[in-house]
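Heads up: the structure comes next, in structure tokens.
The values are calculated or read from the model by the stated rules, or taken from the named source; none is laboratory data. Keep in mind the model is a prediction, meaning the values are calculated, not measured. Backbone-built Cβ (ideal geometry, glycine too); neighbour counts: all protein chains shown. These area figures cover heavy atoms from the full protein model, side chains too; ligands, DNA and RNA do not enter into them. Shrake-Rupley method; radii C 1.70, N 1.55, O 1.52, S 1.80 Å.
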Amino acid sequence: MNRAVASLAIGLAALPLAACASFAPAERPVSVTGAITYRERMALPPTAQVEVTLADVSLMDAPASVIARQSFTADGRQVPFAFSLTVDQRRLDPRHSYAVAARITDASGKLMFITDTRNSVTFDGTPRIDLGTLVMVKTR
């Protein structure tokens, strides 16, 4: 009987400590990869700015909410440019829609190229999603 009471007392004493432990799920990164290019036969200036974003595009009447971004200067490199966007799976809502968009601007911020189609991303639990090559169009 004393042993049962002692076990119960130890179990009850440890209960508050167990409640303090964090049981948050571990980070589950998902990587969305691909490349961007354009069809025009023209070189980018070395100061061109490249930006690729992953956004929640669920709401039609509101701006998309960017959840991952990669941006860099061309530094004389030319297309295609590889990209990799990483987001924590826990930040994604399975009821929402997500898409990748890309743009290239000159040093002054003037838009040169942009994706003009929706590049949807379906998160299916895999750790890496490859979108292939996204083709941008030239702006005027």
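Data table
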{"quantity": "Residue that is most open to solvent (accessible area, probe 1.4 Å) [pool: residues in the stretch 33-48 that are under 13 Å from Lys138 (Cα atoms) and part of a loop (DSSP other than H, G, I, E, B)]", "calculated": "Arg41"}
{"quantity": "The lone exception for Glu51 - which of (1) open to solvent by 70 Å² or more (accessible area, probe 1.4 Å); (2) in a strand (DSSP E or B); (3) among the acidic types (Asp, Glu) it fails", "calculated": "(1)"}
{"quantity": "Qualifying residues in the stretch 54-69 (those that are of a type outside the set (A, V, I, L, M, F, W, C) and either surrounded by 11 or more Cβ atoms within 10 Å (Cβ to Cβ) or touching a residue at least 60 places away in the same chain (Cβ under 8 Å) (or both)) - the one nearest to Asp130 (Cα to Cα)", "calculated": "Arg69"}
{"quantity": "Of all residues in the stretch 70-91 being in contact with a strand residue (DSSP E or B) (Cβ under 7 Å, 6 or more places away or on another chain) and in a loop (DSSP other than H, G, I, E, B), the one that is most open to solvent (accessible area, probe 1.4 Å)", "calculated": "Pro80"}
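Matching residues to (1) in contact with an Asp or Glu (Cβ under 8 Å, 6 or more places away or on another chain); (2) modelled with pLDDT of 95 or more; (3) over 30 Å from Pro45 (Cα atoms); (4) of a type in the set (S, T, N, Q):
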| residue | (1), (2), (3), (4) |
| --- | --- |
| Ile67 | yes, yes, no, no |
| Gln78 | no, yes, no, yes |
| Phe83 | no, yes, no, no |
| Val87 | no, yes, yes, no |
| Leu92 | no, no, yes, no |
| Thr105 | yes, yes, no, yes |
| Lys110 | no, yes, no, no |
